Amino acid sequence: MNIACFDIGGTFIKYSVINEKGEILLKDKFSTPKENCRIEIPKALVERIKDISNYFKIDAAGISTAGQVDSDKGEIVFATENLPGYTGAKISEHLRNELNLPSYVENDVNAAAVGEMWMGAAKGKNNFACITLGTGIGGAIVIDGKLYKGINGGAGEFGHMSINEHGENCTCGFQGCFERYSSTSALIRRYKAEAEKAGSADENATGESIMKLVREGNNTAVKVYKDFLAHLATGIANVVHILDPGLIVIGGGISAQGQSFINELEEVFKTKAMKAYADNTEIVTAQLQNDAGVYGACYLALKNMIE
């Protein structure tokens with residue numbers, strides 16, 4: 001059984017053909033349409049599936065996508081301006097009408113989480129939480145081997161729990177949100193501000209360049225990084241105290257720092273979480289990197305077809 005798998009982001013749409021064993025038979029990407037995405041993205045998926053059907057028998061499509069998703073209907077409930085006009089896209093309906101092909105659509109962080117469960121860092125684990133650090137903070141919850149999505153599909157918005165009720169204003173309208181202090185963009189923003197105060201402004205700073213400065217012992221970078229770790233550990237402790245999942249999978253660009261980052265984070269986490277939780281919680285980095293979304297899309301398509 002072969003699944004056409006897509007991971008829709010603001011810049012690229014990554015796609016693969018993956019079989020039921022989890023073997024990637026084909027992998028590529030193309031640019032995401034820049035306007036009228038509600039119409040143009042489903043059209044682009046149809047065109048790509050028609051093309052790859054010349055080489056592989058395709059049994060279903062699995063789609064991981066940015067935005068808020070109604071996975072029962074295969075529709076986009078809401079998307080930001082990164083995907084202009086994407087809100088309301090009826091992806092499953094379009095693929096069914098054009099190709100008579102069953103398709104299954106899921107939010108990208110949820111898809112990445114089940115991808116990690118199937119073939120990555122959470123393989124063999126039935127309970128865990130996934131936290132992705134990027135422009136904001138995304139989250140996903142897996143309980144008894146299934147995504148927990150809440151009554152409106154919005155569970156796992158860890159980025160918008162407050163860790164400082166008198167803190168910075170967030171784009172969501174709340175104050176002191178986790179992602180205002182612990183996302184990669186927060187690390188960059190705070191480093192730029194502190195570097196400017198220190199007389200060494202660096203407008204081109206990135207998460208990668210800041211971490212290089214941290215490893216070199218730069219005082220400003222080290223100070224900002226320590227604060228970042230403290231905020232991140234606080235947020236993780238909150239998640240662990242509520243869910244007691246046993247495993248936290250950290251994804252996003254900064255997770256590429258590897259085991260040294262995890263070791264530093266765990267050390268701070270143990271000072272934030274109650275001992276019983278800290279002693280029974282493992283923190284690991286995501287393993288699948290750019291393939292997590294397509295693996296998750298494949299897993300969910302296979303699971304839905306079997307059910």
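The values are calculated or read from the model by the stated rules, or taken from the named source; none is laboratory data. Small disclaimer: the values here were computed from a predicted structure and weren't measured. Every residue, glycine as well, gets a Cβ built from its backbone with ideal geometry; the counts of neighbours run over all protein chains shown. Keep in mind that these areas ignore ligands, DNA and RNA; they rest on the heavy atoms of the full protein, side chains included. Shrake-Rupley method; radii C 1.70, N 1.55, O 1.52, S 1.80 Å.
Listed by chain and number, the lysines placed with their C-alpha closer than 27 angstrom to that of Lys223 are Lys192, Lys197, Lys212, Lys270, Lys272, Lys275; residues fewer than eight positions away on the same chain are left out. For the range 97-217, the share of accessible area belonging to carbon and sulfur comes to 46 percent (1.4 Å probe, ligands and nucleic acids excluded). Remark: the chain carries 48 Å² of accessible area per residue (probe radius 1.4 Å; ligands, DNA and RNA excluded).
Amide H contacts for Ile63 (H built 1.01 Å from N in the peptide plane; partners 5 or more residues away or on another chain; cut-off under 5 Å): Phe6, Tyr104, Val105, Glu106.
Quick check: net charge around Lys192, other residues with Cβ under 9 Å of its Cβ, Lys/Arg +1 and Asp/Glu -1? Around Lys192, the charge tally is -2.
Shape class for the range 1-148, computed from the alpha carbon gyration tensor (a ≥ b ≥ c): oblate, with a/c not under 1.5 and a/b at or below b/c.
Out of these labelled values of Rg/Rh (Cα atoms, Kirkwood Rh), [x] 1.05; [y] 0.99; [z] 0.95, which was calculated from the coordinates shown here? Of the labelled values, this structure produces [y]. Proximity of backbone amide H atoms, modeled 1.01 Å from N, is registered between Asp202 and Glu196 at under 5 Å, excluding neighbours fewer than 5 places apart on the same chain. Using the alpha-carbon atoms, what tilt in degrees (0 to 90, nearest 10) does helix 292-306 show relative to the longest principal axis of the chain? Around 40 degrees separate the two axes. Each eigenvalue of the Cα gyration tensor of the range 159-307, multiplied by 5 and square-rooted, gives one semi-axis; in descending order these are 29, 19, 17 Å. The GluC sites (Glu not before Pro) of the range 34-92 meeting both criteria, a DSSP state outside H, G, I, E and B (loop) and at most 11 other C-beta atoms within 10 angstrom of the site's C-beta, are Glu35, Glu81. Mean-square fluctuations from a GNM of the chain, with a 10 angstrom spring cutoff on Cα atoms, peak among Asp59, Asp202, Asp244 at Asp202. Each Lys and Arg adds +1 at its Cβ and each Asp and Glu adds -1 at its Cβ; summed about the Cα centre, the range 97-197 shows a dipole of about 240 debye. In the range 237-285, a dipole from Cβ-located charges (positive for Lys and Arg, negative for Asp and Glu) runs towards its positive end, and of Val249, Val239, Phe261 it is Val239 whose Cα lies farthest in that direction. Partner aspartates and glutamates whose Cα lies under 20 Å from the Cα of Lys27, excluding those fewer than 8 positions away in the same chain, are identified as Asp7, Glu47, Asp51, Asp59, Glu106, Asp108, Glu116, Asp291. Here the Karplus curve 6.51 cos²θ - 1.76 cosθ + 1.60, taken at θ = phi - 60°, turns the phi angles of the range 26-40 into couplings of 7, 8, 6, 7, 8, 5, 6, x, 9, 8, 6, 4, 4, 9, 6 Hz, with x standing for Gly and Pro.
About its Cα centre, the dipole of the chain is roughly 160 debye, where the only charges are +1 on Lys and Arg Cβ and -1 on Asp and Glu Cβ. Cα centroid separation, the range 212-265 to the range 94-108: 37 Å.
Think of it as helices only: each DSSP H run of n ≥ 4 in the chain is worth -39500 (n - 2.57), and spread over all residues that comes to -12500 deg cm²/dmol at 222 nm. In this structure, the amide hydrogen of Gly252, modeled 1.01 Å from its nitrogen in the peptide plane, lies closer than 5 angstrom to those of Leu133, counting only residues at least 5 positions away or on a different chain.
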